[in-house]
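Novice: Once you've had a glance at the structure underneath, I'll fire off some questions.
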Amino acid sequence: MGRQAIWTAMWSATVSAVMFLLMFYVVGPRLTMSAVDVPPLQGLSPEQARGLLEPRGLLLVLDGERAEASVAPGPVAEQHPLGGSRLHRGDEVHAELARAIQSVKVPNVAGLLPDAARALLAQGKLKVGRVTEATSDTVARGQVASANPPVGGDARPDTLVDLVVSSGPATQPVPSVVGKRLSTARNLLTQAGFVVGSTRYGSNDDYDQGIVIRQNPPAGAQASPGVKIDLTIND
């Protein structure tokens, strides 16, 4: 028999012996150990989880906490392996406990320009959501009129805060007062929410004396309540 054949035979015998010992002392005993089902632990307290695992010969290992909005703080939020898996006695089940998500207050953004409101919300760990416009008699055009969630309310970090930006007071058409006497014109304008501005005199042969012959803004123009309407009276 050649030297090469002898080395080959010795190597094969060594490998066979190692495999036998591995199967006999390591793999064999583990195969004979009974496997058990891992119970679901989500929502249970650590004590309750241990109470389910210990009779099965399993060990509970707590790996820390994680922010969780779907369950109250304290119970198990996640486990590895999942419920329904199979482990051998003495194996570990790892779990993380739920931690409450810290809420923040929505800052007062009313009266700010949108960019300033965005910066203030970012400081409070919030984000701008939808931005819409609405008329307002009290908030200047271009400024934030309201927010949702409302100012001072609680919100989770990274919540989208919708802003309503003022487009100014609501407008309405200016009534026609040309051809009316000053007293009548004043009453019509007042009833429509406007006020008489400056009055001056002019001449128009088509109208009687004391009749309004011109107005500014003109009839039908859109104007905000409280706008002054200048009148020209026929002399």
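What follows draws every value from the coordinates through simple rules; no lab data is involved. As the structure is a computational prediction, the values presented were derived from the model and not from experiment. A quick note on method: Cβ atoms are made from the backbone with ideal geometry, for glycine too, and the neighbour counts reach across all protein chains shown.
Novice: Assuming R0 = 22 Å, what is the FRET efficiency of residue 102 and residue 127, from their Cβ-Cβ distance, to the nearest 0.05?
Specialist: The value I calculate is 0.85.
Novice: For region 127-235, how big is the tail of P(r) above 15 Å, as a whole percent of Cα pairs?
Specialist: 68 percent
Novice: Right, next: Using a 10 Å cut-off on Cβ atoms, rank the peptides 229-235, 202-208, 109-115, 148-154 from the highest mean neighbour count down.
Specialist: Highest mean packing first, the order is 229-235, 109-115, 148-154, 202-208.
Novice: Please go through region 48-101 and write out the trypsin sites (Lys or Arg not before Pro) that DSSP classes as loop and that have at most 16 other C-beta atoms within 10 Å.
Specialist: Those satisfying the criteria are 89.
Novice: Could you work out how far apart the two model spin labels at residue 85 and residue 54 are, taking each label as a point 7 Å from the Cα in the direction of the beta carbon, and quote it in nm?
Specialist: 2.2 nm
Novice: Please state the Cα pair-distance histogram of region 172-234 with 10 angstrom bins from zero: what percent is in each bin?
Specialist: Result, from short to long distances: 27, 56, 16, 1 percent.
Novice: Around residue 61, under 12 Å between beta carbons, what's the net of Lys plus Arg minus Asp minus Glu among the other residues?
Specialist: -3
Novice: Could you give the radius of gyration (one decimal) and Dmax (whole number) of the Cα atoms in region 104-166, in Å?
Specialist: 10.6, 32
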